[in-house]
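Just so you know, all these numbers are worked out from the coordinates, no wet-lab data involved. A quick note: this is a predicted structure, and the numbers were derived from the prediction, not measured. Heads up, the Cβs are rebuilt from the backbone with ideal geometry, glycines too, and the neighbour counts pull from every protein chain shown.
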Amino acid sequence: MKLLKLSEQLGLVNYRNQAKSEIKPHIIVDTDICNSTCPHKCTTWVCPANCYTMDETGQVHFQVEDCIECGTCMYACDQGAVDWNYPDPEIGRGVNWNFG
Amino acid sequence: MEDKFDCIVIGGGVAGLAAAMILARNNVKFMLIERGEFAGAKNVSGGVLWGSDLAKLVPNYWKEEDGGWERYINHRRLTFMDEQSTFSLDFKSSHFNETPYTGVVVLRSKFDNWLSGKVQEAIDASEYPMDSFIATDIKVDEVLLEHDKAVGIKTGEDEFYADSVIIAEGVNNLLTRQVGLQDKYVPADHMLTGIKEIIRFDQSVLEDRFQLNGLSGMSNEFVGWATNGIEGGGFLYTNRDTISLGLVLGLKDLREKQQKPYDVLNHFKSHPTIADTIKGGEVVEYSAHVVSSGDSRVMPKQLYKDGILLAGEAANLLMNAGKAIQGMDYAMRSGILAAETIVEAKAKNDYTSTTLKSYRTKMDESYIMKDIRGFQNAVHLLHTDTMQHKVPNLVCDFGRQFFTIKNEPTPKSRQMLRGAIKRHASLWELAKLGIKAGKSL
């Protein structure tokens, strides 16, 4: 069986409000903290949707669009950089599981 | 207040729905609030619902033509894995065909939705068919407190009032933290992330491959090579025409060993045994869910306060002590006990801690807290390097020798075992492990 790339795995996720161009992010990340005082940049390793990435210079970037609401970053970040919330049903993103 | 509910249940997962069922049956006026489009839309688990509590909520659920569950477990397997081999403890018994079953595999988007339909039936049959509700697509922003007692909830501009609130919001327990029952930061050291794929097969292929009969099913846990050196383990459960295949991986280890969960999942899937098992399947969903290891250090200090009870994973009620990953059954039982406490509180018309503290007593006397307390050492043991890596390698090494037939004199098994132990650990290490395991299991 062919192994899937993350982009293909995420392509199977049924996201809410996918047609909306403007969504209200449900997670706010203060990447200034990630890029200044954080000693481990844990979220860039543990996020199952790779919403947290580290570029070649070691800078952390965040995007919310692929988030599958698993909560891993909420527990992983002990630096106070991740302000986690549930997506707003109307104007947020987030998931609608077909199987769950 | 005319519109005041006796209770607001936050969350339409297993804990919240179990609570709602008991409330409806006991004519408690309640509202269950779910943030997804329907109960289950936002929920993910491995997942096997262990135990027989489901029969308390839905009597004779096994008689339903198309119930919300996938398969019942009558075949269990624990597999040790190294790079090339798998060595399994395998137990299958027709004893497990008897109802009520002792474990059913579920897919939450379907199961929770089905259970929520059963709760609605109970509401319709209660004294408050028009006054109790399951409300979906609503996100609770805040639990309203007055003098530190819960009086309702806030969602957007709207406020709803109630004498009590059962928080069953799941592991991402923002409201539990808001009301002060859990610290703002929970150390990540005892948390893991669960990821899984749903892989679809032709149903007859699936049934033949896993030797399933009717709605029988299999659960398989994996330890060793599966996680590529990361603390955790793997699982495989059979659904109707899909399997749930996934891993649970320690956050601290992923960070320190600089690995990404989806890469480890592909590593697991590339193992020769797994590759053979999933051949020809098609991945139809990828999902994830953070979980606690069952270490009591991540649990909230208390499960109640004035007007509030915590149930399910909101209280980080989950444990894997080596036999099974238990979470949904804890959610179900804690939801039932929370609701029974609310029923008492309503009878006394006292929703303060004075009455609600009996929830703590019920929990402490239940198998949940007895097991969590009793198996803490087993949880710690399971997460040691010896148990995670050395033992699986040793077991597979021994297996390879034991099952190899060469046209030359065969050494005695104990010599093979001694050799395997020497290559992967030491006798002393294993003796210590044996003593610890003997005490903790």
Chain B: most fluctuating residue of B:Lys139, B:Lys422, B:Lys346 per GNM, C-alpha cutoff 10 Å: B:Lys422
For chain B, built as a Gaussian network whose Cα springs stay under 10 Å, the top-fluctuating residue of B:Leu192, B:Leu49, B:Leu174: B:Leu174
P(r) tail fraction, segment B:97-218 - alpha-carbon pairs more than 20 Å apart, %: 67
Per-residue Cβ neighbour rank within 10 angstrom, fewest leading, A:His61, B:His190: A:His61, B:His190
All lysines inside 16 Å of A:Lys41 as judged from Cα atoms, apart from same-chain residues fewer than 8 positions distant: B:Lys252, B:Lys257, B:Lys260
Options B:Ile435, A:Val64, B:Leu382, ranked by Cα towards positive dipole end of the protein assembly as shown, top entry (Cβ charges): B:Ile435
Local electrostatic count at B:Leu144 - Lys and Arg +1, Asp and Glu -1, tallied over other residues with Cβ under 9 Å: -2
Gaussian network model of chain B, Cα within-10 Å springs - most flexible of B:Arg418, B:Arg177, B:Arg297: B:Arg418
Neighbour-limited loop hits for trypsin sites (Lys or Arg not before Pro), segment B:1-50 (at most 13 other Cβ within 10 Å; DSSP other than H, G, I, E, B): B:Lys4
Residue exposure sequence - B:Leu89, B:Leu181, B:Leu245 - by fewest surrounding Cβ within 10 Å: B:Leu89, B:Leu181, B:Leu245
Within the protein assembly as shown, percent of DSSP bridges classed antiparallel, to nearest 5: 70
Per-residue average of Cβ from other chains inside 10 Å of A:87-98: 5
Cα-projected label distance for A:Ile33 with B:Asp202, points at 7 Å along beta-carbon direction, nm: 5.3
Segment A:40-75-segment B:107-155 distance, computed between alpha-carbon centres (Å): 33
Linear extension gain, B:Glu127 paired with B:Lys257, 0.36 nm per residue minus alpha-carbon span: 41.1 nm
Förster radius 45 Å - calculated FRET efficiency between A:Ala19 and B:Lys279, Cβ distance, rounded to 0.05: 0.75
Peptide-level mean, for B:276-289, of C-beta atoms on other protein chains within 10 Å: 5
Computed label-point distance, nm, for sites B:Asp148 and B:Ser52 using a 7 Å Cα→Cβ extension: 4.3
Segment B:1-145 - charge dipole about Cα centre, Lys and Arg +1 at Cβ, Asp and Glu -1, debye rounded to 20: 440
Exposure proxy ranking, count of Cβ atoms within 10 Å, fewest first, for A:Ile33, B:Ile138, B:Ile123: A:Ile33, B:Ile138, B:Ile123
Residue-averaged 222 nm ellipticity for chain A, from DSSP H runs of 4+ at -39500 (n - 2.57), nearest 500: -3000 deg cm²/dmol
Hydrodynamic radius (Kirkwood) for the protein assembly as shown, which is based on Cα pairs only, to one decimal in Å: 24.1
Ratio Rg/Rh, restricted to segment B:265-305 and using Cα atoms, in which Rh is the Kirkwood radius: 1.28
Rg and Dmax of chain B, Cα atoms only, in Å: 23.2, 87
Charge dipole (debye, nearest 20) of chain B; +1 at Cβ of Lys and Arg, -1 at Cβ of Asp and Glu: 2320
Cα gyration tensor shape for chain A, rounded if a/c is under 1.5, else prolate or oblate: oblate
Share of pairwise Cα separations in segment B:38-90, more than 14 Å, in percent: 70
Average partner coverage of B:353-364, which counts Cβ from other chains inside 10 Å: 0
Net charge dipole size for segment A:1-47 [Lys, Arg +1 and Asp, Glu -1 on Cβ; Debye, nearest 20]: 240
Qualifying chymotrypsin sites (Phe, Trp or Tyr not before Pro) for segment B:361-415 [loop in DSSP, other Cβ within 10 Å: at most 11]: B:Phe403
Loop-located GluC sites (Glu not before Pro) in segment B:69-109, at most 15 other Cβ atoms within 10 Å (DSSP): B:Glu83, B:Glu98
Chain B: calculated mean residue ellipticity at 222 nm from DSSP helix runs of at least 4, using -39500 (n - 2.57): -10500 deg cm²/dmol
Span-like helix ranges in chain B, DSSP H, alpha carbon extent 27 angstrom or more, Kyte mean at least 0.0: B:328-348
